[in-house]
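Inspection log for the structure reproduced underneath, given as structure tokens.
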Amino acid sequence: MLLEALLIALWAGIVGIDLFNGLTHIHRPVVTGLVVGIILGDVTTGLIVGGTLELIWMGMVPLAGAQPPNVVIGGVIGTAFGIIIGQDPNVAVGIAIPFAVAVQGLITLFFTIFSPVMHKADQFALEGNYKGIERINYLGLAILFVFYAVIAFLPIFFGAEQASAYVETVPQWILDGLSIAGGIMPAIGFAMLLKIMMKVEYIMFFIVGFVLAAYLNLPILSIALIGLAIALYDFYQNKKGNNNSGPREEEITDGI
Amino acid sequence: MESNIYEDNTSAQELSARQLRHLAWRSLLLQASFNYERMQAAGWLYSLLPGLRYIHKNKKDLSKSMKDHMEFFNTHPFLVTFIMGVILAMEQKKEDREAIRGIKIAMMGPLGGIGDAMFYLTLLPITAGIGASLAIEGNVFGPIVFLLLFNLVHFGVRFGLMNYGYKMGVKAISKLKEGTQFVSRAASIVGLTVVGGLIATYVAFNVSYVWKSGEAELAIQADVLDQIMPAMLPLGYTLLMYWLLKKGRSPITLIGITVIVGLLGAYFNIL
């Protein structure tokens, strides 16, 4: 079992990276099913469980950056147990879901802990140290690889029952709380943008954008187009003012 | 306030098709260092880096440009190459840094929404659906067909948009050359309009608490907060974060506060 568990861990590490980087989608359960099936010597069951998980988890995609239950660990552990225990795919899903949800929480935590590293990156940027920037990105990849490999290895090597019991000792409110925090987190990013971009003269456009989304529920593209329309109007007004009546500002002050 | 204009103001040589392809490959690692403070910023900078080094031979300009691109950035990981193309064109022409930032931010939000609709809600369900239906019958070609179909579109779009964005950027800039300060003003207008919309759309902050008294039920979110103003909490929380940042609090502190808010909210069943 050790060799199989290690190979599955290797696969989990690779597709764990693919989930965010590369995005060739070899991390989807339909592909993982085939690969885990090959590793465990039962391709047909692997394909069937993987295909079933794929259909069930079709909607588990990171829409607007929100983290869904983790499809990598769900797919790897689901298909592995589907084959090892010989259960039907729906039971495999039942085993996989607590893992998928727990890993979702851990990923939220990882995205939080990795934030301080950005200050090192700022320093590298200031120094023009491109190698430093590259190292930070490779570090992120390495952590993801090890993280997924370990998470996949443990339950497969030690057995599903122990692992499930252990996962269930994590109180639900912690997982919920991390996921709520993950939903609020973009506010910090937007606040940082505001800090850089906001000037008193621009507040009105910020308000327009907010109202269009909050009250009229317009999609972002339409809001961007409205913003573009305003910006074009502003641009041509300015240009006109600049070319034709150069001393426009003076005129106004003179009038007063 | 440091200058928004690059020291070396002469346009750099155009990037070759080969260089653009190389950068498109690098864009695969856009989310390698994803985190809640800057999201894709360091990966975005990683993707652009060889291009920026080719464009900015001046050490100070390279440092300025790298610093700018470490600012918060988040878009769709498939469509990012379009923004890369446009931004590289602007960097190459040594556009005003504020204009570059404005255009970058104005594009990242809409492309995020379009990418979700194109890839996650259309392409993935279709190709994975075909693959899964074959796999369930035990057919080995299920996963292979899925990967081929999906990545044909994925890589086609990724590399195509890089070229398209760059060519379009170069063309648009030469047309807009007069009145650069108005361009950066216009870019800031679109950028801030989009940020206003993003806050209402993408910050998920809802009160799930329902106040009960005998027969009467009062859902705080739907019956009270949404009546006063929809997306009030996302706006309020973002402005609070903005205020704390201006007060000199570090983003790390804000992330810590947010995690605590989430945990407390879940523990007391409020959020």
Practice prompt. Please give the average number of partner chain Cβ atoms lying within 10 Å of the Cβ of each residue in A:119-126, rounded to a whole number.
Written response: 6
Item to complete: State the Cα centre-to-centre distance between the range B:1-73 and the range B:155-175 in whole Å.
Response: 16
Worksheet item: Looking only at other chains, what is the average number of their beta-carbon atoms within 10 angstrom of each beta-carbon in B:242-251?
Response: 4
Item to complete: Using only the Cα atoms of the range B:1-76, build the gyration tensor, take square roots of its eigenvalues as a ≥ b ≥ c, and label the shape rounded, prolate or oblate: rounded if a/c is under 1.5, else prolate if a/b is larger than b/c, else oblate.
Response: oblate
Discussion item. Nearest 10 degrees is fine. How inclined is helix A:186-197 to the longest principal axis of chain A, computing both from alpha carbons?
Written reply: 30
Practice prompt. With unit charges on the beta carbon (Lys/Arg positive, Asp/Glu negative), name the residue among B:GLY142, A:HIS119, A:GLN172 whose Cα is farthest towards the positive pole of the charge dipole of the protein assembly as shown.
Written response: A:HIS119
Worksheet, complete the sentence: B:LYS175 and B:ILE228 label points (each 7 Å along its Cα→Cβ direction) are spaced in nm at 4.6
Discussion item. Relative contact order of chain B, please, whole-number percent, based on alpha carbon pairs below 8 angstrom and at least 6 residues apart.
Written reply: 19
Worksheet entry | Using alpha carbons only: equivalent-ellipsoid semi-axes of the range B:206-267, gyration tensor based, whole Å | 29, 15, 6
Fill in: Averaged over B:44-55, number of beta-carbon atoms from partner chains that fall within 10 Å
2
Response to the item:
Share of Cα-Cα pairs in the range B:109-264 beyond 25 Å, whole percent, is 62
Discussion item. From the C-alpha coordinates alone, can you work out the Kirkwood hydrodynamic radius of the range A:2-186, in Å?
Written reply: 17.0
Fill in: Difference of contour (0.36 nm per residue) and Cα-Cα distance, B:GLN13 to B:ARG53
13.2 nm
Worksheet, complete the sentence: If R0 = 45 Å, then B:HIS22 and A:ILE113, at their Cβ-Cβ distance, give a FRET efficiency to the nearest 0.05 of 0.90
Discussion item. In Å², and per residue, what accessible area does chain A have when probed at 1.4 Å with the other protein chains present?
Written reply: 44
Discussion item. Please give me, ordered by residue number, the trypsin sites (Lys or Arg not before Pro) of the range B:101-187 that lie in loop per DSSP and have at most 16 other Cβ atoms within 10 Å.
Written reply: B:LYS177
Response to the item:
On the accessible surface of chain A, probed at 1.4 Å with all protein chains in place, carbon and sulfur together account for a percent value of 68
Worksheet item: Can you pull out the chymotrypsin sites (Phe, Trp or Tyr not before Pro) in the range B:120-178 that DSSP calls coil and that have at most 13 other Cβ atoms within 10 Å?
Response: none
Discussion item. For a distance above 41 Å, tell me the whole-number percent of Cα pairs in the protein assembly as shown that qualify.
Written reply: 25
Discussion item. Report the Cα centroid-to-centroid distance between the range A:1-33 and the range A:122-169 in angstrom, as an integer.
Written reply: 13
Discussion item. Which of B:ASP223, B:ASP61, B:ASP116 ends up with the largest GNM mean-square fluctuation for chain B, with Cα atoms connected below 10 Å?
Written reply: B:ASP223
Worksheet entry | the range A:90-195, relative contact order in percent, only Cα pairs under 8 angstrom and at least six apart counted | 45
Fill in: Protein accessible surface hidden between B and A, which excludes ligands and nucleic acids, total in Å², probe 1.4 Å
9400
Worksheet item: Once Lys and Arg get +1 and Asp and Glu get -1 on their Cβ, which of B:ALA204, B:LEU192, B:LEU218 lies farthest toward the positive end of the dipole of the range B:91-221?
Response: B:LEU192
Response to the item:
Connecting every pair of Cα atoms under 10 Å apart in chain A and solving the GNM, the largest mean-square fluctuation among A:GLU134, A:GLU54, A:GLU168 falls on A:GLU134
Item to complete: Could you tell me whether chain B comes out rounded, prolate or oblate from its Cα gyration tensor? Rule is a ≥ b ≥ c as square roots of the eigenvalues, rounded for a/c under 1.5, then prolate if a/b exceeds b/c, otherwise oblate.
Response: oblate
Worksheet item: Rounded if a/c is under 1.5, else prolate if a/b beats b/c, else oblate: with a ≥ b ≥ c from the C-alpha gyration tensor eigenvalues square-rooted, which is the range A:1-74?
Response: oblate
Worksheet item: What FRET efficiency do you get for A:TYR233 and B:ALA216 if R0 is 45 Å and r is their Cβ-Cβ distance, rounded to the nearest 0.05?
Response: 0.35
Fill in: Zone of A:ASN217's modelled label, taken as backbone nitrogen in the range B:206-236 under 18 Å from a point 7 Å along Cα→Cβ
B:206-207, B:221-234
Worksheet item: Going down the list A:LYS120/B:LYS104; A:LYS120/A:LYS199; B:LYS212/B:LYS247; A:LYS195/B:LYS212, which pairs span over 32 Å between their C-alpha atoms?
Response: B:LYS212/B:LYS247; A:LYS195/B:LYS212
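The values are calculated or read from the model by the stated rules, or taken from the named source; none is laboratory data. The shown structure was predicted, so the numbers you read here are calculated from the model rather than taken from an experiment. Here the Cβ is made from the backbone with ideal geometry for all residues, glycine too, and neighbour counts use every protein chain on show. Heads up: the accessible areas ignore ligands, DNA and RNA and are worked out on the full protein's heavy atoms, side chains in. Shrake-Rupley method; radii C 1.70, N 1.55, O 1.52, S 1.80 Å.
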